[in-house]
Amino acid sequence: MSSRRISLTAVAIGVAIVQFVLPVPALAGINHGRVPQWRVEVNQIDAGGSSIAPEFKIAIYENLVTELTKAKQFSGVLRSGDSSANGVSNLLILKTTVESYTPGSETKRAVTTVTGATKLKVRSQLCTRDGQVILVRVVDGNVRFFGGNLRATHNLTRNVANAIKQGTLPEAAPSDQGQ
């Protein structure tokens, strides 16, 4: 029994030495290749040709920042015009343009489930600083039954974040890992 204790102790000491000597990313396998290396800057929402209300544009923008932060796909989510984005080499820029907007009515939705839906459709593009388009997705968001009209912006931005997460991003240059 004592020889078994000695061997378990030796294994535990060996593991502790390996963990102390090797850097954490080497032990973690760099999180199986999923360490977020890109940062993203969210641009203001472009109304496109739609007659979208200003409060919807603001809600889409704020919800995009929130949903992208929650998704943890990027090492940082920056707002448009953030001065800290100037020194970041591995930066993607999210450009969102409203393609269509159908205003809804909470009252009509409460009375009947057939009418009153608020519908949004946007084109989201992830671009590099030099304008190279990395990913393009057209995404819908709506509120059909229950909830306020602005709930459509939450549903839309959650769909945008999921579409980006399912897309394939190129490897970021290793020079940004220290930032």
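The values are calculated or read from the model by the stated rules, or taken from the named source; none is laboratory data. It should be emphasised that the depicted structure is a prediction, and the values quoted were computed from it without experimental measurement. All Cβ positions, even for glycine, are placed from backbone atoms using ideal geometry, and neighbour counts span all protein chains on display.
Examine the range 81-104 for a residue that is under 19 Å from residue 47 (Cβ atoms), out of contact with any helix residue (DSSP H, G or I) (no Cβ under 6 Å at 6 or more places or on another chain) and surrounded by fewer than 12 Cβ atoms within 10 Å (Cβ to Cβ), and state whether such a residue exists. There is at least one residue in the range 81-104 that is under 19 Å from residue 47 (Cβ atoms), out of contact with any helix residue (DSSP H, G or I) (no Cβ under 6 Å at 6 or more places or on another chain) and surrounded by fewer than 12 Cβ atoms within 10 Å (Cβ to Cβ).
Of the residues in the range 112-133, at least one is buried (at least 16 other Cβ atoms within 10 Å of the Cβ) and part of a loop (DSSP other than H, G, I, E, B). For the list (1) at pLDDT 95 or above; (2) in contact with a Phe, Trp or Tyr (Cβ under 6 Å, 6 or more places away or on another chain), I need the number of the one condition that residue 60 fails. Unmet for residue 60, out of (1) at pLDDT 95 or above; (2) in contact with a Phe, Trp or Tyr (Cβ under 6 Å, 6 or more places away or on another chain): (2).
One residue alone among 138, 143, 114 is among the β-branched types (Val, Ile, Thr), touching a Lys or Arg at 6+ places or on another chain (Cβ under 8 Å) and at pLDDT below 95, and that residue is 143. All told, residue 108 falls short of being more than 30 Å from residue 37 (Cβ to Cβ), assigned by TED's automatic domain parsing to the domain that holds residue 139, out of contact with any His (no Cβ under 8 Å at 6 or more places or on another chain) and assigned to a strand (DSSP E or B). Of all residues being of a type in the set (Gly, Ala, Ser) and surrounded by 14 or more Cβ atoms within 10 Å (Cβ to Cβ) in the range 136-166, which is nearest to residue 44 (Cα to Cα)? Just the residue, please. Among those residues, the one meeting the criterion is 161.
The number of residues in the range 45-81 being more than 18 Å from the chain's Cα centre (by Cα) and part of a helix (DSSP H, G or I) comes to 3.
Could we say that residue 152 is touching a Gly at 6+ places or on another chain (Cβ under 6 Å) and either among the hydrophobic types (A, V, I, L, M, F, W, C) or not assigned by TED's automatic domain parsing to the domain that holds residue 47 (or both) here?
The answer is yes for residue 152.
Applying the criterion of being at pLDDT below 95 and of a type in the set (Lys, Arg) to the residues of the range 117-135, the residue that is nearest to residue 40 (Cα to Cα) is 129.
Checking each residue in the range 156-176 for being farther than 17 Å from residue 94 by Cβ and part of a loop (DSSP other than H, G, I, E, B) picks out 171, 173.
Against the numbered list (1) touching a residue at least 24 places away in the same chain (Cβ under 8 Å); (2) more than 18 Å from residue 75 (Cα to Cα); (3) in a loop (DSSP other than H, G, I, E, B); (4) out of contact with any strand residue (DSSP E or B) (no Cβ under 6 Å at 6 or more places or on another chain), residue 153 comes up short only at (3).
Tally time: how many residues in the range 45-80 are exposed (fewer than 14 other Cβ atoms within 10 Å of the Cβ) and on the phi < 0 side of the Ramachandran plot?
5
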